[in-house]
Amino acid sequence: MITPEKLNWLKELIRLDKLIPFYKCKEWRQLRLKAMERDNYECKHCKRNGVVTTRKTINKYGKPTKMDVNHIKPVRTHPHLALDLDNLEYLCVDCHNKADGKDKMINKHKPKFVNEERW
Ligand SMILES: [Zn+2]
């Protein structure tokens with residue numbers, strides 16, 4: 001879980017729209033390794049469809065598949081879940097792009113500015 005100090009730091013990064021330091025921090029690097037291990041180094045969404053995709057899987061371009069750890073609930077909208085293992089899933093780049101597109105559709109109907117945490 002995320003500490004209050006870390007959460008404040010992360011919210012500031014979100015406010016500044018500069019999330020790179022988060023993805024470089026020790027806590028994230030350790031947690032993403034845990035997520036990869038938990039998901040057996042296989043894409044979770046492909047697996048759901050009965051397909052095993054790992055970084056050794058050769059894609060249609062003849063290249064190894066790019067894999068990444070995805071935040072199921074995005075960091076920007078759910079910073080308190082940024083370091084929650086249950087909010088992570090290991091995905092191939094195709095599934096990651098699909099997952100991101102889905103998030104955008106869900107967020108489309110939400111108000112653009114959320115002030116609830118300002119005070
Ligand atoms: Zn996949």
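The values are calculated or read from the model by the stated rules, or taken from the named source; none is laboratory data. For clarity, every value in this text was computed on a predicted model and none was experimentally measured. When we count neighbours, we look across all protein chains shown, and the Cβ atoms used for this are built from the backbone with ideal geometry, even at glycine. Areas reflect the complete protein model, heavy atoms only, side chains present, ligands, DNA and RNA absent. Shrake-Rupley method; radii C 1.70, N 1.55, O 1.52, S 1.80 Å.
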Pairwise label distance in nanometres, residue 58 with residue 98, each label 7 Å out on the Cα-Cβ vector: 2.3
Accessible surface, the stretch 4-104, averaged per residue in Å² (probe 1.4 Å): 66
Spatial extent of the stretch 4-104: Rg and Dmax, with the Cα atoms as the point set, Å: 14.4, 45
